[in-house]
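Participant: Can you keep this structure in mind? I'll have questions shortly.
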Amino acid sequence: MTLKRSLTSLNPEQLKAVKAINGKVLVLAGAGSGKTSVLINRCIHLIEDYNIHPSQILGLTFTNKAAHEMRERIEDKIGKEKSKEIVLSTFHSFCFYILKQEIHHLGYTKQFSIYDERDVNRLLKDLEKQISTEGNKKNIDEELENSMKAFNAVDFDGLLSLTVELFKSNNEVLKKFENKFKYIMIDEYQDTNHTQFELADILGREHGNIFVVGDDDQ
């Protein structure tokens, strides 16, 4: 299939990556080489040339600014109506999106709070004081997890780990989002940690369409 839109700004290597539609694809290139442009043009190629519905595309990055800029650049090419249906977000925002719908399967309510580092440290100090007063040897990590759940609260790392736990423990929920997101793309892949890798790996197993771009020098 040939591209309907003019992509003369892409070099042969970039064009080859854009046309890599199916399966797992890893694009490695240095800073300033147009990795994000490849990801953006691949989104457009999927929608315009393969008639993939925009809502079936998930794009993950590491800053809200990067996600916003990607959406603006896609919008310039295909219009606001189509571009707004693509899920472009940070890993944390994406996990928040999932948990707001499904966290009740893990024993929380959908009105959960998000604790920042200061909130967690304050709770940790209270637990340490309580354990010290009681003179027992409870596991602080386990107690912290239990307390967070009792307060219906999640910290930033928990957004990721709980989403992975949810997908592992509830096949029905996993299937729902596997069917929704058939094409997964990740920018700045070199910055992913184990939990983020696991999240994308689990969600992308059904269709196997995971496209990642990164800089192997970073």
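Participant: Does GLU142 satisfy the criteria of being touching a Leu at 6+ places or on another chain (Cβ under 7 Å), assigned to a helix (DSSP H, G or I) and not hydrophobic (A, V, I, L, M, F, W, C)? It would help to see each step written out before you state the result.
Facilitator: Values: touching a Leu at 6+ places or on another chain (Cβ under 7 Å): no; assigned to a helix (DSSP H, G or I): yes; not hydrophobic (A, V, I, L, M, F, W, C): yes.
So GLU142 fails the test.
Participant: Quick one: count up the residues across the range 188-203 that are in contact with an Asp or Glu (Cβ under 8 Å, 6 or more places away or on another chain), part of a helix (DSSP H, G or I) and surrounded by 14 or more Cβ atoms within 10 Å (Cβ to Cβ). Step through it out loud before you land on a result.
Facilitator: Here is the first cut: in the range 188-203, the residues in contact with an Asp or Glu (Cβ under 8 Å, 6 or more places away or on another chain) are 188, 190, 195, 203.
Restricting the remaining residues to those that are part of a helix (DSSP H, G or I) gives 190, 195, 203.
Subset that is surrounded by 14 or more Cβ atoms within 10 Å (Cβ to Cβ): 195, 203.
Number of matching residues: 2.
Each row is one residue, and each column tells you yes or no for (1) surrounded by fewer than 13 Cβ atoms within 10 Å (Cβ to Cβ); (2) closer than 25 Å to HIS45 by Cβ; (3) of a type outside the set (A, V, I, L, M, F, W, C).
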site	(1), (2), (3)
SER132	yes, no, yes
ASN152	no, no, yes
ASN170	no, no, yes
ILE186	no, yes, no
ASP215	no, yes, yes
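A short reminder: the numbers here are calculations on the coordinates, not readings from a lab. It should be emphasised that the depicted structure is a prediction, and the values quoted were computed from it without experimental measurement. Note that we place each Cβ from the backbone using ideal geometry, even for glycine, and neighbour counts take in every protein chain shown.
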